[in-house]
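To keep things clear, I will list the structure first and then write my remarks on it.
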Amino acid sequence: MGLTPMMKQYFEIKENYKDCILFFRLGDFYEMFFEDAEIASRELELVLTGRDCGLENRAPMCGIPFHAANSYIGRLISKGYKVAICEQVEDPKSVKGIVKRDVIKIITPGTYIDDSFIDDSKNNYIMSIYLDEENNNFSIAVTDISTGEFLTTETFLTSYSLILDEISKFTPKEIIICETLKEELIRDIKFTVPALVTKKGITYFKNDENSILDMQFKEDKDKLTPLTYKASLALVKYILDTQKISLSNINKITVYNIKDYMTIDLNTRRNLELTENLRENTKKGSLLWVLDKTKTSMGSRNLRRWIEEPLINKEKIQERLDGVYELFSNIYLNDNLREALDDIYDIERILGKISNKNVNAKDLIVLKSSIEKIPNIKSILKDTNSKLLNEYYNSLDELRDIYSLLEESISNEPPLTIKDGDIIKDGFNEIIDELREAKTNGKNWISTLEANEREVTGIKSLKVGYNKVFGYYIEISKANFNLIPEGRYIRKQTLSNAERYITQELKEMEEKILGASEKLVSIEYDVFVDIRNRVEEQIDRLKLTAKTIANLDCISNLAYVALENGYIKPNLNDKGFIEIKDGRHPVVENVIEKGEFVSNDTFINRDDEQLLIITGPNMAGKSTYMRQVAIITLMCQIGSFVPASSCNISIVDKIFTRIGASDDLAGGKSTFMVEMWEVSNILKNATRNSLVLLDEVGRGTSTYDGLSIAWSVIEYICSNNDLKCKTLFATHYHELTSLEGKISGVKNYSVQVKEVENSIIFLRKIVAGGADESYGIEVAKLAGIPNVVIDRAKEILKTLEANSPKNNLKTDIIEDKISKEVSCEKDSILYDKQQSDVKEHEIKHKKRKDNFIDGGLQLDFNSIAKDSFLNEIADTDVLSLNPMEAMNKLYNFIKEAKKLI
Ligand code: ADP
């Protein structure tokens, strides 16, 4: 027994789409077979049936009606599957035997742009990553096929975090990676975003026999370097492979430089809650939530991008700020503008549908009504002065030709489908008009026929009707049969209490009407496709105008939000300082009672106030304050006004945060490990122009370990000339406040609290000087810990304080000891590890140990060094070493180990 012909066809097709669920079209259903059927029935809760397939066992099968396919596809895509749509590709009437079928589209998370599936306010990115192992370079290409934006970049791979940062900036739904990427990196990528990752061989990134990129981008292709070419090629290939058509809206390449934007790593994006809150990963409670009052979906997506990608070019930031200022100062102008933007629909996504060939007439009407608003917007912008608004004025195309075309051609209330006619206006096309007339005349003839026949027969209830099977007929009820003149009608159909008749003339007229209708539908479709193509030819102009509207919406929105929330225009300086007066956290001030937020000043520079140590009890407002400084800086660099009474910002190249502690269980790292990994990343990558927030560094380990690490991190940041980044350092370790005056650049601040009858009131005010009480027990009491526990804690605290060397910790002698030892540690272990003499080190090591134990401190530098040594061993990639290098490594490891035992 062999396979049935249909199953044979199924297997031949399935062979090429092994990684997809194959939707195999059979009549009005998409059927799935074998493993696909099992997966789909499980994921979509469909009944699993079977079908004879010519094999011994029936093929497992399940199906869905084709007209309801979209929602099922959406569900499979969300669960990370790809779906291949296999259709009949020839007319069943014209073939004998089995109809030819083929896959017409592959739907994947990055390419599925159905309105019901994608979010208006977010881009739907798909990315490709190429890594050139030999030269340690990589390139990235990213596109959103619903808007046609295509970006690419390349750079030297200093660390994996560069790639991960770009991924977290775009949060693509799907990533195509080259097989040259290391497993470790792939794991990190999968951990960074919940994207579908597809690995492709190196040839996918290289061979270009058909000059795919020439066809896609024409001369724009010349912008690509050999490296960006590879990532771009793979991405375009993948889109062609899945969409099976070339998308005309993807025709311009934007080459960007990673260094043109502020670097913000994934942790920082999350910690600062830029586009989503930490708890629920939703927009509410994020900076975007406060700032996004845009009028259009295009503006909303654009603003998200601005927040994800703050600028570092001073002129560009200034241009945005000046644009915002002009609209901020002219409320009337901005109100008018916002009103005009109100009814503009998502032109970018309509263009996406046009090039994807799935636009309908309703979409074109929406496009027309959006274009109609442009002249008004242009006239509002006419007399503006700022450079940016002038630029927008100039690049807004009124698109009058496209408007006229659509106005003349597409009827005002067209149906959703484009294959059933009624979409083209009268007067646009002569043939359509003629056919319509023929149809109308025929229909008129038929309605006159009804009246005529009633008169001739005298049967008042006689009626002329129509159905799809029998066409037009004359219906006469049984009671009136006797009145029918002999031979006048031909009987066609008998119903329970009526008969249906036809006449020769009726059938002739029917043919005319139906012929005209059929022709009309097909000609209307052709004319529609022609209109669509004519609009598509102007896609560049439409795209530019859509982008301008998106930008304009953002600037106008920032002016509006600034006015609503009482923000001011920040100044920019080149002197390396940030000075904020009466700064507020834009999100926190929005979620607490109006007027309750306590504003605070900030001054931080590269010299005497480079690292601010902020002490104060839990819940006092330290994290809020630190985040506020970072967010105000970031807001300024997207071109937004800021929540403060005055603000002067020196442009920041990177923001880093080490805030909060959470176990990275999936990544296999403990809380402390995550903390140290983040700190290490900051110390390696921050520059003099970076802004660093460190919250409770060292908290994840024992007190003295933690204190020593915090201490030495502070020293490293302040003394390393390549670093000296502006740092806000919140800590519980009050001992650290003694570093002010000892380490240049360190300055103490604390959050004020007021003691009242065994309790405390948070004043939320940041003042110069360190706090010396932690008020932990008072905070615990405020949190509702039972009184017995609180009282007992106080007793224990008293005993501990009496017995501990805590007070000693604050004495200068111990500080000196620690300072000396920390710098000695730095010399011998951190900086000069390779050259240090083993013996001398042993002596120093012993002395250091003794000193600390004498001083009551068990600062175990040995264990820190051991940890770092073990990490070094663990990080060694043996396969990348040649035998000589391996011998040398081993020799060094033994030498190092001897130092540590
Ligand atoms: P800490 O980091 O010191 O533990 P947080 O910064 O988390 O404290 O602040 C705790 C809470 O205090 C915040 O959730 C916020 O509601 C409130 N808060 C913080 N700063 C202010 C402020 N400046 N004005 C008003 N309320 C504030």
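The values are calculated or read from the model by the stated rules, or taken from the named source; none is laboratory data. Because the structure is a prediction, the values reported are computed rather than measured. Counting neighbours? That spans all protein chains shown, and the Cβs are built from the backbone with ideal geometry, glycine included. The area values use the complete protein model at the heavy-atom level, side chains included, leaving out ligands, DNA and RNA. Shrake-Rupley method; radii C 1.70, N 1.55, O 1.52, S 1.80 Å.
Of note:
- In segment 186-193, the condition of being surrounded by 19 or more Cβ atoms within 10 Å (Cβ to Cβ) and either acidic (Asp, Glu) or farther than 21 Å from GLU309 by Cα (or both) is met by no residue.
- When we screen LEU406, LEU483, LEU416 for residues that are of a type in the set (A, V, I, L, M, F, W, C), loosely packed, with under 14 Cβ neighbours inside 10 Å and in contact (Cβ under 8 Å) with a residue 40 or more places away in the chain, the only hit is LEU416.
- Residue within segment 38-46 that is assigned to a strand (DSSP E or B), over 30 Å from the mean Cα position of the chain (by Cα), modelled with pLDDT of 85 or more and polar (S, T, N, Q) present: no
- When residues of segment 496-522 are limited to those that are in contact with an Asp or Glu (Cβ under 8 Å, 6 or more places away or on another chain) and open to solvent by 20 Å² or more (accessible area, probe 1.4 Å), the one farthest from ARG436 (Cα to Cα): ARG500
- Subset of segment 766-789 [part of a helix (DSSP H, G or I) and not basic (Lys, Arg)]: GLY776, ILE777, GLU778, VAL779, ALA780, LEU782, ASN787, VAL788, VAL789
- Qualifying residue in segment 583-601 (condition: more than 8 Å from the ligand (Cβ to nearest atom), open to solvent by 70 Å² or more (accessible area, probe 1.4 Å) and closer than 30 Å to GLU715 by Cα): yes
- Condition met for LYS218 (surrounded by 21 or more Cβ atoms within 10 Å (Cβ to Cβ) and not in a loop (DSSP other than H, G, I, E, B)): no
- The criterion of at least 1 residues that are small (Gly, Ala, Ser), more than 19 Å from GLU391 (Cβ to Cβ) and in contact with a strand residue (DSSP E or B) (Cβ under 9 Å, 6 or more places away or on another chain) is met by the following helices (runs of 4 or more DSSP H) wholly inside segment 322-380: 347-355, 361-371.
- Taken together, ASN573, ASN565, ASN557 contain a single residue that is touching a strand residue (DSSP E or B) at 6+ places or on another chain (Cβ under 7 Å) and either within 21 Å of ARG320 (Cα to Cα) or open to solvent by less than 10 Å² (accessible area, probe 1.4 Å) (or both), which is ASN573.
- Criterion violated by LEU247 - all others in (1) open to solvent by 30 Å² or more (accessible area, probe 1.4 Å); (2) assigned to a loop (DSSP other than H, G, I, E, B) satisfied: (1)
- Strands (runs of 3 or more DSSP E) within segment 505-607 that include 2 or more residues touching a Pro at 6+ places or on another chain (Cβ under 9 Å): 578-583
- Segment 709-760: number of residues that are touching a Lys or Arg at 6+ places or on another chain (Cβ under 8 Å) and among the aliphatic types (A, V, I, L, M): 5
- Apart from one condition, ILE307 fits all of (1) more than 22 Å from SER690 (Cα to Cα); (2) open to solvent by less than 60 Å² (accessible area, probe 1.4 Å); the exception is (1).
- Filter result for the condition that a residue is of a type in the set (D, E, K, R), buried (at least 18 other Cβ atoms within 10 Å of the Cβ) and modelled with pLDDT of 95 or more, over LYS368, LYS387: LYS368
- Only listed residue being out of contact with any Cys (no Cβ under 9 Å at 6 or more places or on another chain), open to solvent by 80 Å² or more (accessible area, probe 1.4 Å) and either closer than 22 Å to THR242 by Cα or assigned to a helix (DSSP H, G or I) (or both), chosen from GLU90, GLU35, GLU56: GLU35
- Residue within segment 278-291 that is at pLDDT below 95 and hydrophobic (A, V, I, L, M, F, W, C) present: yes
- From LEU763, LEU728, residue being open to solvent by less than 30 Å² (accessible area, probe 1.4 Å) and either at pLDDT 80 or above or in a helix (DSSP H, G or I) (or both): LEU728
- In segment 614-663, residue farthest from ASN573 (Cα to Cα) [restricted to those that are part of a strand (DSSP E or B) and within 12 Å of the ligand (Cβ to nearest atom)]: THR615
- Of the listed requirements (1) over 30 Å from LEU694 (Cβ atoms); (2) crowded, with 18+ Cβ neighbours inside 10 Å, TRP289 misses just one: (1).
- Of the residues making up segment 735-758, those that are away from the ligand (no atom under 16 Å from the Cβ) and either part of a strand (DSSP E or B) or open to solvent by 40 Å² or more (accessible area, probe 1.4 Å) (or both) are GLU740, GLY741, LYS742, ILE743, SER744, VAL746, LYS747, GLU755, VAL756, GLU757, ASN758.
- Applying a threshold of 7 Å to beta carbon distances and a minimum spacing of six or more residues, or different chains, the list of pairs starting in segment 303-318 at a residue that is more than 18 Å from ASN557 (Cβ to Cβ) and ending at one that is β-branched (Val, Ile, Thr) and at pLDDT 95 or above reads ILE312/ILE651; LYS314/ILE651.
- Test: residue in segment 179-186 that is under 24 Å from the mean Cα position of the chain (by Cα), outside any helix (DSSP H, G or I) and basic (Lys, Arg): no
- Every condition in (1) surrounded by 12 or more Cβ atoms within 10 Å (Cβ to Cβ); (2) at pLDDT 90 or above; (3) outside any strand (DSSP E or B) is met by LEU22 except one, and the failing one is (3).
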